[in-house]
Amino acid sequence: MQFDRYIFRQMLRTSFAVMLTLVGIMWLFQTIRILELVINRGAPMTDFLLMSVTVIPLWLTIAIPISVFVAVMWVFHRALVDRELLVAQASGRSAIQLARAPIALGVLFTTFLVINSVFLLPLSFGVYKEVQFKLRNTIPTVMLQDNVFIDVVDGMTMLIGKKYKDGHAENVFIHDEKTDGVIVTMTAKAGRFIEKDGKPAVILNDGHRFELSQDKQSGATLMFDTHTVSITPRDRKQSTRMPIEMNEDRISNLLNPDASPQAVYVNQRVAEGHYRIASPFLAFALIMIASTGVLHGQIRRSNWSRRTIATIAVGILCISAIVSARSLATTSPLMIPLIYLSMLVPAAGLLTLLGWQSIAQPAARLAAPEGAPR
């Protein structure tokens, strides 16, 4: 038991180290895309941090299976180099006994991935999409800088004297050519950026509105106390929140054809729902592949390289199988069982193989003739 706890702690620490590295790399690539908004355009730091954190559960569905696979291979390699595995096997430990630590690791991370897939992912990704939608719809406000002409949308140029964090601004100038045949110029002493009917807008106070026809033959001037201007592109039809994506939807909704926003997405959503159910077991399947690659048969340092190459190849094949099964299931519902088989068959088959080896080896020793090597 002490050896199992030692191996388990080593695997757990290595898994977290690899997982943090993978998540850190993905986080870096993700944040580069929106970092400019914070540094140069003045986007709220809280929204930036929220978007950076709430997408992590999606990455964990990929990072954890790879991390535990690498951890098991690495810790067993170190144990083999230090002759700990050789001594443990020579002392009479069976393959299934040596695999108790990685099996416990697999149960632990599979349980977490189930919770992540069922609860954490839809909750956090929903927050991520809401913040993303808000940033995209308030992007003209974010882009504005003091005393700089900015083309906030196609056909509209804006200049402000000073912008405040609460959405207020001073000395607002707007040049609007979005309406065909009309050029509108507005100035105001003050303004406030808001969201109106899902669209970004600015409320102007105490200003002038000058309208000129494209042929410059006619015009009109209007003085106003309050005037609201929508900041949207010419061809913008809708700026309401699109139907929720599959990653932010509950599994029960994904499996329900009536909950699909459009009939064309039914197969894709059902396949995603089954994948969300089955994907947590990928971590356990990869752990069993790594454990079997090391523990099956006689453990020798001489054949470690060949075993490592074969184990990595089988692990890649398992990952490819579930990705392919998911893709096939989106076009044909008959392929949905392949999503489960691509993970459950390797996990159950390799666990059975180690168990059978543990039973067969003692029986072979007992059946060996007196004086024969055992």
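From the list 148, 152, 87, 127, exactly one residue is β-branched (Val, Ile, Thr) and more than 25 Å from residue 201 (Cα to Cα). Which is it? Reasoning before the result, please.
Working: 148 fails: more than 25 Å from residue 201 (Cα to Cα); 152 fails: more than 25 Å from residue 201 (Cα to Cα); 127 fails: more than 25 Å from residue 201 (Cα to Cα).
Criteria check complete, one pass: 87.
Only residues that are polar (S, T, N, Q) and either in a helix (DSSP H, G or I) or modelled with pLDDT of 95 or more (or both): list them for segment 274-318, please. Talk me through it step by step, then tell me what you get.
Taking segment 274-318 first, the residues polar (S, T, N, Q) are 279, 291-292, 298, 302-303, 305, 308, 311.
Matches in segment 274-318: 291, 292, 305, 308, 311.
Output the residues belonging to segment 151-162 that are over 15 Å from residue 187 (Cα atoms) and not acidic (Asp, Glu).
152, 153, 155, listed by residue number.
Conditions tested, residue by residue: (1) surrounded by fewer than 18 Cβ atoms within 10 Å (Cβ to Cβ); (2) in contact (Cβ under 8 Å) with a residue 12 or more places away in the chain; (3) touching a helix residue (DSSP H, G or I) at 6+ places or on another chain (Cβ under 6 Å).
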{"site": "69", "(1), (2), (3)": "no, yes, yes"}
{"site": "79", "(1), (2), (3)": "no, yes, yes"}
{"site": "110", "(1), (2), (3)": "no, yes, yes"}
{"site": "115", "(1), (2), (3)": "yes, no, no"}
{"site": "124", "(1), (2), (3)": "no, yes, yes"}
{"site": "130", "(1), (2), (3)": "yes, yes, no"}
{"site": "171", "(1), (2), (3)": "yes, yes, no"}
{"site": "177", "(1), (2), (3)": "yes, yes, no"}
{"site": "185", "(1), (2), (3)": "yes, yes, no"}
Would you check if there is a residue in segment 241-249 being basic (Lys, Arg) and modelled with pLDDT of 80 or more?
no
Which condition number does residue 47 fail, the rest of (1) within 14 Å of the chain's Cα centre (by Cα); (2) farther than 25 Å from residue 12 by Cα being met?
(1)
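A quick yes/no check of all residues on (1) at pLDDT 90 or above; (2) touching a Leu at 6+ places or on another chain (Cβ under 8 Å); (3) assigned to a strand (DSSP E or B):
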position: 85; (1), (2), (3): no, yes, no
position: 92; (1), (2), (3): no, no, no
position: 103; (1), (2), (3): yes, yes, no
position: 118; (1), (2), (3): yes, no, no
position: 148; (1), (2), (3): no, yes, no
position: 185; (1), (2), (3): yes, yes, yes
position: 192; (1), (2), (3): no, no, yes
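This table checks each residue for (1) at pLDDT below 85; (2) on the phi < 0 side of the Ramachandran plot; (3) assigned by TED's automatic domain parsing to the domain that holds residue 100; (4) of a type in the set (D, E, K, R).
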| position | (1), (2), (3), (4) |
| --- | --- |
| 6 | no, yes, yes, no |
| 9 | no, yes, yes, yes |
| 20 | no, yes, yes, no |
| 23 | no, yes, yes, no |
| 37 | yes, yes, yes, no |
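The values are calculated or read from the model by the stated rules, or taken from the named source; none is laboratory data. These numbers were taken from a predicted model, which means no experiment stands behind them. Don't worry about glycine lacking a Cβ; one is built from the backbone with ideal geometry, like all the others, and counts go over all protein chains shown.
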